[in-house]
Amino acid sequence: MKTRPLCIAVLAFFVFGTYVTSVDAQAKKDSVIKVTKTEKMLRDAKATYRPFQGEDSFVVVYEGKELKEISVVLIEASDLLIVLADVAAGREVDLTDGVMRKLLEFNMKADYLKIGISDIGSIRVQTEQELSLMSAKSFQKILDQTAAVADDVARLLKPVRKTSPEPK
């Protein structure tokens, strides 16, 4: 009869122990914060960043010569990284044929960055890159060049700006 309480104790230990272990494992799993590929690269680059409208997007702020603050937005979608910087809202500029021509010429000179004009006249610098093909060095280069091109485009837009540029 002494073995029966021992068997019950051992059985209770395994059942209760397994339950506690699975609950503990689930709690640890739920408390683990997902670090995206983009955030890992931002950390490796020692960039100062903050989250932006969701768990897979971030903002890195640069200081420009023409624009006081350039917000470079990074959006991760699967293995695709979208990097963009808004330069001017459509209401801020009065685009002329000459300025649009300069923007198109600038677009032809740019390597992997492109300048876009939305249907309401907003100007944006943007690129899309495959994350799996990027090294830490190329990642940093894309961020820096996006900010630099945004500042260059702001300089091109200076003659047609309705108001002084404000931080984005």
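Read-outs throughout are calculated quantities, based only on the coordinates presented, and are distinct from any laboratory measurement. Just so we're clear, the structure is a prediction, and the values are computed from it rather than from any experiment. Here Cβ is always computed from backbone atoms with ideal geometry, including for glycine, and neighbour counts include all displayed protein chains.
Longer than 18 Å from Cα to Cα, which of Lys102/Lys158; Lys114/Lys141; Lys40/Lys65 are they? Say none if no pair is. Don't jump to the answer; show the numbers that get you there.
Values: Lys102/Lys158 12 Å; Lys114/Lys141 15 Å; Lys40/Lys65 29 Å.
Over 18 Å Cα-Cα: Lys40/Lys65.
Which whole-Hz ³J(HN,Hα) couplings does segment 64-71 yield from phi under the Karplus relation 6.51 cos²θ - 1.76 cosθ + 1.60, θ = phi - 60°, glycine and proline marked x?
Here the 3J(HN,Hα) series is x, 7, 8, 9, 5, 10, 10, 8 Hz.
Need the C-alpha centroid separation for segment 104-168 versus segment 30-83, integer Å.
Result: 16 Å between the Cα centres.
May I ask you to sort Met100, Met41, Met108, Met134 by Cβ crowding, counting other Cβ atoms within 10 Å and putting the fewest first?
Ranked by crowding around the Cβ, least crowded first: Met108, Met100, Met134, Met41.
List every residue whose amide H lies under 5 Å from the amide H of Val87, counting only residues 5 or more places away in sequence or on a different chain, with H placed 1.01 Å from N in the peptide plane.
Sorted by chain and number, the residues that satisfy this are Ile123, Arg124, Val125.
Grab the alpha carbons of segment 24-126, take their convex hull, and tell me the volume per residue in Å³.
Each residue corresponds to 148 Å³ of Cα convex hull volume.
Please turn the phi angles of segment 90-106 into ³J(HN,Hα) values with the Karplus equation 6.51 cos²θ - 1.76 cosθ + 1.60 (θ = phi - 60°), one per residue in order, whole Hz, x for glycine and proline.
x, 6, 8, 10, 10, 5, 10, 4, x, 5, 5, 5, 4, 5, 5, 5, 4
If R0 is 25 Å, what FRET efficiency do you get for Lys65 and Arg91 from their C-beta distance, rounded to 0.05?
0.60
Can you compute 3J(HN,Hα) from phi for each residue in segment 53-59, using the Karplus curve 6.51 cos²θ - 1.76 cosθ + 1.60 with θ = phi - 60°, rounded to whole Hz and x for Gly and Pro?
6, x, 7, 10, 9, 9, 10
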